[in-house]
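*Asks:* Here you go, one structure.
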Amino acid sequence: MFPSHIQHSVFKVLMLLLILPLLLTSCNDKQVQTITWTEFEPVYMSQEEFINSVGLEEPRELEKPGKIYFHNGFLFVNEVNEGIHIIDNRDPSTPVVIGFINIPANKDIAVKDGLLYADSQKDLLVFDISDLNSPELIDRMEDVFKTSAQRAPGFTTQSVDPSKGLVVDWKKIEREEICEDNCHSHPANQNIFFDTAFSGGRTYAESSGSGVGGSMARFAITGDYLYAVDFRDLFTFDISQPEAVKVDNQYVGWMIETIFPYEENLFIGSGNSMYIYDLSNPESPRQLSVFRHATACDPVVVEGDYAYVTLRDGELCPNNPGNNQLEVIDVSDLTNPKNIGIYKMINPQGLGIDNGNLFISEGDHGLKIMDAGNPHNIKQIRHITDIKTYDVIPYNGVLMITGRDGIVQYDYSDINDLKHLSTIPVQPSDEAS
């Protein structure tokens, strides 16, 4: 017999000889998978076409309605990245589409004193709409918005190529690729967030010639000033004259999404905060406070001493699964906002409030109507599940809703007995999902 230490060494050598082929096999054999994903590719337009295509056209069908703005009985509805539908809504039970303003890469709208303000990629356009049958472009401020205009509305592997022209839209495409070994390292599997480029606060009462917008708005008018937010900045424009003049531009924070003016303040929603700005000097808003919340998409509306913020997760939002909720914030002290309540939601998006009646868009899950008469104890009144909603404007007893179903309107003068008034349906596009 060999000594025990030699036996032990021989045993180790034999074991290594047995395991080595397995190790070599696992190194040489590669796991092959086919992965598929959805991404967005830029749609380009030449500078000449971009400038010359702006103008009034015949009424067209709704396909991808976005943000809405109400002014003097008329609805202005954004067709995402294409322009603005003009709708005579003086009788909300029989709305009539009367025209369409073609505006490439448009997402936001605001109106005051017969002038309509709209974004077009990086530019700010001003239209004279004193005659809605013949809107006239009277001013174009170029290269105003710097950081949002070319952001994809979701995952993309493609960089913007300026030599191909201006990016006016993003097209959804399906990709497929053969992947070896660790497919988790593929970019399509990474947690990468892209903000939509230019994806209400008002007191829900028209004043000083301006109208009312939804909670998803990035444009807001107070007095003689138009305020607009980009991905990180707040812009101030003097609109006391037909030609708008930019008077201020200041950094706010990361992933700025929405703006809501209320009384003498601005409430700005971002990916992780609500910012409150003072407008005592309207040419240069001053930050009063920052309220931090979970990372998610977050429009905000305000009534009285309380702000209402919806947080949601999803493909186009910072990926923090489970952040689907309504937060109620006491803003009686604007320098020290405090959370007083959190309510679970499904996938909340835009919201609106009028005299304690809180309306919350739940995307494909419908519309929730809440009693916020006591902000410390909000109760659900009704959940309408057979419509798809994006944003709302409650005004003078009429609830105007935009979403994938089109424009839906209700009479809410009796909150316990909503009456359907009308629907302007969408005409599904080839890319509709």
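*Asks:* So, in the stretch 384-417, of the ones that are in contact with an Asp or Glu (Cβ under 7 Å, 6 or more places away or on another chain) and in a loop (DSSP other than H, G, I, E, B), which residue ends up nearest to residue 215 (Cα to Cα)?
*Replies:* Top of the filtered list is 389.
*Asks:* Hey, could you check the stretch 147-191 for residues that are exposed (fewer than 12 other Cβ atoms within 10 Å of the Cβ) and at pLDDT below 75 and say which is nearest to residue 32 (Cα to Cα)? Give the derivation first.
*Replies:* First pass over the stretch 147-191, keeping only residues exposed (fewer than 12 other Cβ atoms within 10 Å of the Cβ): 159, 161-163, 171, 174, 176, 178, 180-182, 184-185, 187, 190-191.
Filter once more, keeping what is at pLDDT below 75: 180-182, 184-185, 187, 190-191.
Details: 180: 5, 181: 6, 182: 9, 184: 12, 185: 14, 187: 17, 190: 19, 191: 22 Å.
Looking at residues that are exposed (fewer than 12 other Cβ atoms within 10 Å of the Cβ) and at pLDDT below 75, I get 180.
Here's the yes/no breakdown for (1) more than 24 Å from residue 398 (Cβ to Cβ); (2) polar (S, T, N, Q); (3) at pLDDT 95 or above:
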{"position": "41", "(1), (2), (3)": "yes, no, no"}
{"position": "44", "(1), (2), (3)": "yes, no, no"}
{"position": "70", "(1), (2), (3)": "no, no, yes"}
{"position": "75", "(1), (2), (3)": "no, no, yes"}
{"position": "78", "(1), (2), (3)": "no, yes, yes"}
{"position": "87", "(1), (2), (3)": "no, no, yes"}
{"position": "122", "(1), (2), (3)": "yes, no, no"}
{"position": "128", "(1), (2), (3)": "yes, no, yes"}
{"position": "138", "(1), (2), (3)": "yes, no, yes"}
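*Asks:* Is one or more of the residues making up the stretch 317-334 out of contact with any His (no Cβ under 7 Å at 6 or more places or on another chain), surrounded by fewer than 20 Cβ atoms within 10 Å (Cβ to Cβ), more than 19 Å from residue 378 (Cα to Cα) and at pLDDT 95 or above?
*Replies:* The answer is yes; a qualifying residue exists.
*Asks:* While we're here: I'm checking my understanding of the structure. Among residues of the stretch 35-60 that are under 25 Å from the mean Cα position of the chain (by Cα) and among the acidic types (Asp, Glu), which one is surrounded by the fewest Cβ atoms within 10 Å (Cβ to Cβ)?
*Replies:* In this case the residue turns out to be 41.
*Asks:* Moving to a separate point now. Out of all the residues in the stretch 372-391, which are acidic (Asp, Glu) and surrounded by 16 or more Cβ atoms within 10 Å (Cβ to Cβ)? Before you say what the answer is, go through the steps one by one.
*Replies:* Of the residues in the stretch 372-391, the ones acidic (Asp, Glu) are 386, 391.
Residue satisfying the conditions is 391 alone.
*Asks:* Sticking with this structure for a sec: Among the residues of the stretch 352-364, what is the count of those that are closer than 16 Å to residue 323 by Cα and not small (Gly, Ala, Ser)? Walk me through it before giving the result.
*Replies:* Kept after step one, since they are closer than 16 Å to residue 323 by Cα, are these residues of the stretch 352-364: 360-363.
Keeping just the survivors that are not small (Gly, Ala, Ser) gives 360, 362.
The total comes to 2.
*Asks:* Any residue at all in the stretch 367-390 that is of a type in the set (Gly, Ala, Ser) and within 15 Å of the chain's Cα centre (by Cα)? Don't jump to the end; show me each part of the working.
*Replies:* First, pick out the residues of the stretch 367-390 that are of a type in the set (Gly, Ala, Ser): 372-373.
Now drop any that are not within 15 Å of the chain's Cα centre (by Cα), which leaves none.
No; the residues of the stretch 367-390 include none that is of a type in the set (Gly, Ala, Ser) and within 15 Å of the chain's Cα centre (by Cα).
*Asks:* Shifting gears a bit: Just the residues that are at pLDDT 90 or above, within 19 Å of the chain's Cα centre (by Cα) and under 23 Å from residue 168 (Cβ atoms), please, taken from the stretch 227-250. Full working, then the answer.
*Replies:* Just the residues of the stretch 227-250 that are at pLDDT 90 or above, to begin with: 227-230, 232-250.
Filter once more, keeping what is within 19 Å of the chain's Cα centre (by Cα): 227-230, 232-235.
Those that are at pLDDT 90 or above, within 19 Å of the chain's Cα centre (by Cα) and under 23 Å from residue 168 (Cβ atoms): 228, 229, 230, 232, 233, 235.
*Asks:* Looking at the structure I just gave you, is residue 144 touching a Lys or Arg at 6+ places or on another chain (Cβ under 7 Å), modelled with pLDDT of 90 or more and of a type in the set (Val, Ile, Thr)?
*Replies:* Taking the combined requirement at face value, the residue satisfies it.
*Asks:* Further question: For the stretch 252-282, what are the residues that are in a loop (DSSP other than H, G, I, E, B) and surrounded by 13 or more Cβ atoms within 10 Å (Cβ to Cβ)? Reasoning before the result, please.
*Replies:* Narrowing the stretch 252-282 to residues in a loop (DSSP other than H, G, I, E, B): 252-255, 263-264, 271-272, 279-282.
Of everything in the stretch 252-282, those that are in a loop (DSSP other than H, G, I, E, B) and surrounded by 13 or more Cβ atoms within 10 Å (Cβ to Cβ) turn out to be 252, 253, 254, 255, 264, 271, 272, 279, 282.
*Asks:* Going by the conditions given, is residue 368 surrounded by 18 or more Cβ atoms within 10 Å (Cβ to Cβ), under 30 Å from residue 330 (Cβ atoms) and of a type in the set (Lys, Arg)?
*Replies:* yes
*Asks:* Can you name every residue in the stretch 207-251 that is within 22 Å of residue 310 (Cα to Cα), of a type in the set (A, V, I, L, M) and either part of a loop (DSSP other than H, G, I, E, B) or out of contact with any strand residue (DSSP E or B) (no Cβ under 7 Å at 6 or more places or on another chain) (or both)?
*Replies:* 216, 217
*Asks:* In the stretch 355-400, what count of residues is obtained for those that are touching a Ser or Thr at 6+ places or on another chain (Cβ under 7 Å) and of a type in the set (Ser, Thr, Tyr)?
*Replies:* Going through the stretch 355-400 one residue at a time, the tally reaches 3.
*Asks:* Testing residue 107 on (1) surrounded by 20 or more Cβ atoms within 10 Å (Cβ to Cβ); (2) of a type in the set (Lys, Arg); (3) modelled with pLDDT of 95 or more, one condition comes back false. Which one is that?
*Replies:* Result: residue 107 passes all but (3).
*Asks:* Can you say whether residue 416 is modelled with pLDDT of 95 or more and surrounded by fewer than 21 Cβ atoms within 10 Å (Cβ to Cβ), as far as the supplied structure shows? Working first, answer last.
*Replies:* Details: modelled with pLDDT of 95 or more: no; surrounded by fewer than 21 Cβ atoms within 10 Å (Cβ to Cβ): yes.
No; evaluated as a whole, the condition is false for this residue.
The values are calculated or read from the model by the stated rules, or taken from the named source; none is laboratory data. Bear in mind that the values here come from a model prediction, so they are computed numbers and not experimental data. Cβ atoms come from the backbone with ideal geometry, glycine included; neighbour counts cover every protein chain shown.
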